[in-house]
Amino acid sequence: MSILITENLSHKYGAGWAIRDINIDIPQKGAYGLLGANGAGKSTLMNIICGALKPTDGRVIVNGIDLRKEPQRAKTSIGFLPQILPLYLDLSVEEYLRYTASLRLVDKKNIDRAVEEVLERCQITHFRRRLLKNLSGGYRQRVGIAQAIIHKPLLVVMDEPTNGLDPNQLIETRRLIQEVAEQSLVLLSSHILTEIGQLCQEIILIDKGELLFSDSASAFQQQVQSTYLQVIFDNPPPIEQLSQLVGVNAVDMESKGSYRISYDNLDMLTQQLLELSIQKGWKLKTIRPVENSMDEVFKELTNKR
Ligand SMILES: Nc1ncnc2c1ncn2[C@@H]1O[C@H](COP(=O)(O)OP(=O)(O)OP(=O)(O)O)[C@@H](O)[C@H]1O
């Protein structure tokens, strides 16, 4: 049974559609990256999937349960880390987690154990008595993740979970997200595409409220044909000679003997490289296409429309 299905999900605020006919079917656990430019509809989609916003049209099915028909039952399988976390700053970490466990309908007799488990999983046991207002941003975010997983949901939705964190906090929060994704389906949005590339095996891209792409991260990178070659020589020519070859747009030196060539005619370029290397003794040793960066694919796909 699929963990998350959305069927023709659409939402409009006032007159304009924020999302339109989004169909997603995610059968298994793992980290899924939700990409889209500002205003693409990511938060709207996430809020609807978590039951925080009622869609204008369509439906959400979580673990086989229709969110609109049985919201309470469906929500036992959903954890949510919203973009702005509603923290009660005068509560201690432990008090807050007890409260969220009861909101998530964790059985009273299981609350102690559930709190201990998430304190440990999120590595905040030593801060259990600290007031939330006295925690750093990184630790607040861990508390946010702890409240999202306290009831062991099958689906965890995280809206920009690493936004505003410093580099150390970023590394730790990403590690925690990866651990959560081993036990749940984690759907997360981020503006940092390299982060999505590192964390997520699957990519969902929405643009202007419409689903543009939903497949593996490697399929995402293959969406746009690379127009770069990496060439490495044992006896490298001067960069100017490479720049003058037919079919070349630009050449950058990566390290001694290694160049990145932007081209518009691959056949002509490779033919010249092979011929000249033999003629002039450049000793060409590697020639390979450079994989597109996530940024390049994102730009290409969203600019096409
Ligand atoms: N409460 C609201 N009332 C009216 N329009 C809204 C509301 N919330 C969002 N919108 C509009 O709906 C569209 C989608 O917004 P949404 O916040 O879902 O996008 P997003 O992809 O999450 O953007 P961001 O990356 O900036 O957070 C935007 O055009 C936005 O202006």
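The values are calculated or read from the model by the stated rules, or taken from the named source; none is laboratory data. As the structure is a computational prediction, the values presented were derived from the model and not from experiment. As a convention, Cβ positions derive from the backbone with ideal geometry for all residues, glycine included, and neighbour counts pool all protein chains shown. For accessibility, only protein heavy atoms count, side chains too; no ligands or nucleic acids. Shrake-Rupley method; radii C 1.70, N 1.55, O 1.52, S 1.80 Å.
Dipole orientation for the chain: of the candidates Leu53, Gly247, Leu229, Leu53 has the Cα lying most toward the positive pole (charges on Cβ; Lys, Arg +1; Asp, Glu -1).
Every helix of 4 or more DSSP H residues in the chain counts as -39500 (n - 2.57), and over all residues that averages to -10000 deg cm²/dmol at 222 nm.
At a Förster distance of 30 Å, what's the computed FRET efficiency of Asp112 paired with Leu154, Cβ-Cβ distance as r, to 0.05?
For R0 = 30 Å, the calculated efficiency reads 0.85.
If the segment from Glu210 to Asn163 were pulled out straight at 0.36 nm per residue, it would be longer than the present Cα-Cα gap by 14.5 nm.
For the stretch 175-240, pairs of C-alpha atoms spaced more than 17 angstrom apart make up 59 percent of the total.
Exceeding 25 Å between C-alpha atoms, which entries from my cross-link table qualify? They are Lys12/Lys152; Lys109/Lys133; Lys256/Lys299; Lys29/Lys299; Lys12/Lys69.
Lys12/Lys152; Lys109/Lys133; Lys256/Lys299; Lys29/Lys299
Per residue, the accessible area of the stretch 62-136 comes to 60 Å² when a 1.4 Å probe rolls over the protein heavy atoms.
DSSP beta bridges fully contained in the chain are about 65 percent antiparallel. Based on C-alpha pairs under 8 angstrom that are at least 6 apart in sequence, the stretch 179-231 has a relative contact order of 21 percent. With θ taken as phi - 60° and the Karplus curve 6.51 cos²θ - 1.76 cosθ + 1.60 applied, the whole-hertz 3J(HN,Hα) list for the stretch 66-76 is 6, 4, 6, 6, 10, x, 5, 5, 4, 6, 5 Hz, x standing for glycine and proline. Treating each Cα of the stretch 1-110 as one equal point scatterer and applying the Debye formula with no solvent, the log10 of I(q)/I(0) at q = 0.19 Å⁻¹ comes out as -1.08.
Gln83 to Arg260: extension gain in nm, 0.36 nm per residue of separation minus the Cα-Cα distance?
In short, 59.8 nm is gained.
Keeping the other protein chains in place, figure out the carbon and sulfur percent of the accessible area of the chain, with a 1.4 Å probe.
On the way: 7300 of 15480 Å².
Answer for the chain is 47 percent, counting heavy atoms of protein chains only.
Here the label points at Glu291 and Gln225, each 7 Å from Cα along the C-beta direction, are separated by 2.0 nm in the simple model.
Computed with every protein chain present, the accessible area of Tyr96 is close to 10 Å² [probe 1.4 Å].
Relative to the current alpha-carbon distance between Lys299 and Tyr99, full extension at 0.36 nm per residue lengthens the span by 67.7 nm.
With R₀ fixed at 41 Å, the C-beta to C-beta distance from Gln183 to Val246 puts the FRET efficiency at about 0.15.
One Cα centroid belongs to the stretch 78-155, the other to the stretch 163-241; the line between them spans 29 Å. A simple packing score, the average count of other Cβ atoms within 10 Å per residue, orders the peptides 34-46, 241-253 as 34-46, 241-253, with the highest score first. Taking label positions 7 Å along the Cα-Cβ direction at both Lys54 and Glu172, the computed distance is 4.1 nm, reported to one decimal.
Quick one: plug the Kirkwood hydrodynamic radius of the chain (C-alpha pairs) into Stokes-Einstein at 10 °C, 1.306 mPa s, and report D in µm²/s. Estimated diffusion coefficient is 73 µm²/s.
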